[in-house]
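These notes concern the structure reproduced below.
The values are calculated or read from the model by the stated rules, or taken from the named source; none is laboratory data. Just so it is clear, the model here is predicted, and its values are computed rather than measured. Cβ sites come from the backbone with ideal geometry, for glycine too, and all protein chains shown count toward neighbours. Keep in mind that these areas ignore ligands, DNA and RNA; they rest on the heavy atoms of the full protein, side chains included. Shrake-Rupley method; radii C 1.70, N 1.55, O 1.52, S 1.80 Å.
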Amino acid sequence: MRLHSAPKSGNSYKVRLLLGLLDTEYEIVNYDTKGGETHAPEYLENVNPDGKVPVLELEDGTMLPESGAILLYLAEGTPYLPEEKLERAQVWRWMFFEQYSLLLYLSRPRLWRMLGVEITAQRRAELEQLFEQGYRALGVMERHLSDREFFVGDRPTVADVALYVYPHVSPEGGYDLEGFPKVRAWLERIAALPGYVPLMPPG
Ligand SMILES: N[C@@H](CCC(=O)N[C@@H](CS)C(=O)NCC(=O)O)C(=O)O
């Protein structure tokens with residue numbers, strides 16, 4: 001298997017994290033998304049017509065884009081994806097929540113800081129809205145974790161893997177997780193799992 005990825009991409013990291021937790025060997029091909037490499041004609045034609053990473057290239061050459069689809073594909077038949085119908089639906093529920101209600105609000109402030117974009121009055125107003133929605137979503141997570149250790153059932157699933165990525169780097173975008181002790185404890189629990197790999201190599 002080969003993972004088409006970008007070093008700082010949170011969505012790519014979701015897949016790298018699961019591959020680490022599953023102790024699975026793979027090759028990695030890194031792209032410079034900032035430099036537009038994933039929009040080159042060869043990439044659009046041969047890897048992902050949507051111009052994004054991550055993409056998992058299977059042994060037979062099939063290209064599978066979308067981090068959620070990749071996580072579910074890799075987790076099938078492992079403890080990271082329950083077999084019971086309702087538990088599986090709960091995993092999807094949290095993965096859809098992550099994509100629609102959480103990701104953008106947490107990732108964009110971090111991306112703007114990473115790119116060093118100028119914070120114009122319009123961007124400042126947008127940031128306020130992003131933080132409002134982001135803190136709301138973190139509140140949903142905090143309440144869900146009030147009486148449980150992981151998002152679905154009593155062990156980690158791909159829902160935890162997907163949900164972990166953006167909150168754990170959200171302070172890089174200016175978020176303060178002080179008011180979310182359950183979320184912080186859960187982040188530590190994920191980081192302590194055997195096979196855990198960090199977003200960036202240490203040092
Ligand atoms: N829904 C997609 C989103 C993928 C995505 O937005 N990838 C970003 C990196 S985190 C990317 O490739 N950005 C480059 C671009 O859009 O040009 C997923 O979950 O995989």
Q. log10 I(q)/I(0), Debye, Cα-only the range 117-179, no solvent, q = 0.24, 0.28 Å⁻¹?
A. -1.10, -1.28
Q.
If the elastic network links every pair of Cα atoms under 10 Å, which of Ala40, Ala137, Ala192 fluctuates the most in the Gaussian network model of the chain?
A. Ala40
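Quick check: convex hull over the Cα atoms of the range 2-75, volume per residue in Å³, rounded to an integer?
79
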Q. By what distance, in whole Å, do the Cα atoms of the range 16-55 stretch along each of the three principal axes, largest value first?
A. 33, 19, 14
Q. What are the semi-axes of the equivalent ellipsoid of the chain, taken as the square roots of 5 times the eigenvalues of the Cα gyration tensor, listed largest first and rounded to whole Å?
A. 25, 24, 15
Q. Carbon and sulfur: what percent of the range 1-51's accessible surface (1.4 Å probe)?
A. 46
Q. Which lysines, on any chain, are close to Lys52 with Cα under 17 Å apart, when same-chain ones fewer than 8 places away are left out?
A. Lys8, Lys14, Lys34
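Restricting to DSSP H runs of at least four residues, report the calculated mean residue ellipticity at 222 nm for the chain, -39500 (n - 2.57) per run over all residues, nearest 500 deg cm²/dmol. Don't jump to the answer; show the numbers that get you there.
Numbers: 8 runs with 100 residues, N = 203.
Estimated from H runs of four or more residues: -15500 deg cm²/dmol.
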**Q.** Under-5 Å amide H pairs with Ile28, H placed in peptide plane, nonlocal only
**A.** Leu3
Q: Compute the convex hull volume of the Cα atoms of the range 36-110, divide it by the residue count, and report the result per residue in Å³ as a whole number.
A: 115
Q. Just going by the charge dipole of the chain, with Lys and Arg at +1 and Asp and Glu at -1 on Cβ, which of Gly68, Thr38, Pro109 is farthest out on the positive end?
A. Pro109
Q | Equivalent ellipsoid semi-axes, the range 85-191, via Cα gyration tensor eigenvalues times 5, rooted, Å | A | 27, 14, 12
(Q) Please compute the Kirkwood hydrodynamic radius of the range 68-147 from all pairs of different C-alpha atoms, in Å with one decimal. (A) 14.8
Q: Skip the ligands, DNA and RNA, and give the accessible area per residue of the range 2-75 with a 1.4 Å probe, whole Å².
A: 49
Q | Computed accessible area, Tyr73, all protein chains, 1.4 angstrom probe, square angstrom | A | 120
